[in-house]
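Input: a single structure, listed below in structure tokens.
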Amino acid sequence: MAAIVTGLIPILRTAVDSTATYKGRTMWFGLLCIRLVTIFLAQFPWKSLNEDFHCNSSDVFCIKACFNKHFDNSIVMAWHFLFILLVLSVLLMELFSSHLRSSFQKKKEREMESQSEQEAVTDPTMTVGGRMMIDFHKSKSSVVVYLFSIMLRIAVEVLFVYVLFYWVLPKLNEESYLCHAQMFGKCSVQQCVVRGAAEKKMSVFALLFMSALVIVTSGLFGLYSIKHYLFNG
């Protein structure tokens, strides 16, 4: 539990402490927190994967060879890496909003020195509760970056679904299978099985549900942003 609290603290701190905000920002950080909790819970059935793999052989060397052949891709580490990509997709908009605030603050300072306040440049931001709110109607570049971050998020989630469907689920057959791990001619054909396949499948289904939720939500927000800010802006 300490690990998940440690992971949530920087995400929540970034969401709360930022001086800039934009449409859907709270929801994106909320989905990140839910994703982190889901990964944390989903990895529990995989912690004992080495002990859950059994073959009808007493040769430890051959059993490990069959294990490496069956689980030939990293699973939990792939989940963690894809989560990092999701965080980066959210931080992309954070960096842009921070740059936007800094840039227009400098412009307004220079404008106030050379012109009257009435002739100041148009600021594509507004203040809400002491925080800068990016006005997508006034800044098309902000909309483009926003849409790019959404598309990046969808791409990562689609990759997540691919990993779950083609890397993980095929390895969780509840029936035994024949292992042909010929290591230096020492290992014969063995029959192996993965224990606790039902629990591991349930963890995968939880991650798939989370990915589907993010894909649908991001897609709807993307379509709304295109129609509302680009076509009607």
Would you tally the residues in region 164-178 being more than 29 Å from the chain's Cα centre (by Cα) and open to solvent by less than 100 Å² (accessible area, probe 1.4 Å)? 2
Here are L82, L88, L49, L100: which of them is within 25 Å of Y229 (Cα to Cα) and modelled with pLDDT of 85 or more? L88
Does region 218-229 hold any residues that are open to solvent by less than 30 Å² (accessible area, probe 1.4 Å) and at pLDDT 85 or above, and which are they? S218, G219, G222
Would a scan of region 184-205 turn up a residue that is in a helix (DSSP H, G or I), surrounded by 15 or more Cβ atoms within 10 Å (Cβ to Cβ) and touching a strand residue (DSSP E or B) at 6+ places or on another chain (Cβ under 8 Å)? yes
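Criterion first (over 13 Å from the mean Cα position of the chain (by Cα), at pLDDT 70 or above, of a type in the set (K, R) and open to solvent by 70 Å² or more (accessible area, probe 1.4 Å)) does K107 satisfy it?
Answer is no for this residue.
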Just to be sure before I move on: is A181 free of Cβ contacts under 8 Å to residues at least 60 places away in the same chain and open to solvent by less than 10 Å² (accessible area, probe 1.4 Å) in the structure I sent? no
Are any residues in region 177-192 among the polar types (S, T, N, Q) and at pLDDT below 85, and if so, which ones? Q182, S188
Starting from residues that are over 20 Å from E199 (Cβ atoms) and of a type in the set (V, I, T), keep the ones in region 25-75 and report whichever is surrounded by the most Cβ atoms within 10 Å (Cβ to Cβ). I63
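The values are calculated or read from the model by the stated rules, or taken from the named source; none is laboratory data. Being a predicted model, the structure only gives us computed values, none of them experimental. Don't worry about glycine lacking a Cβ; one is built from the backbone with ideal geometry, like all the others, and counts go over all protein chains shown. All accessible areas refer to the heavy atoms of the entire protein, side chains included, with ligands and DNA or RNA removed. Shrake-Rupley method; radii C 1.70, N 1.55, O 1.52, S 1.80 Å.
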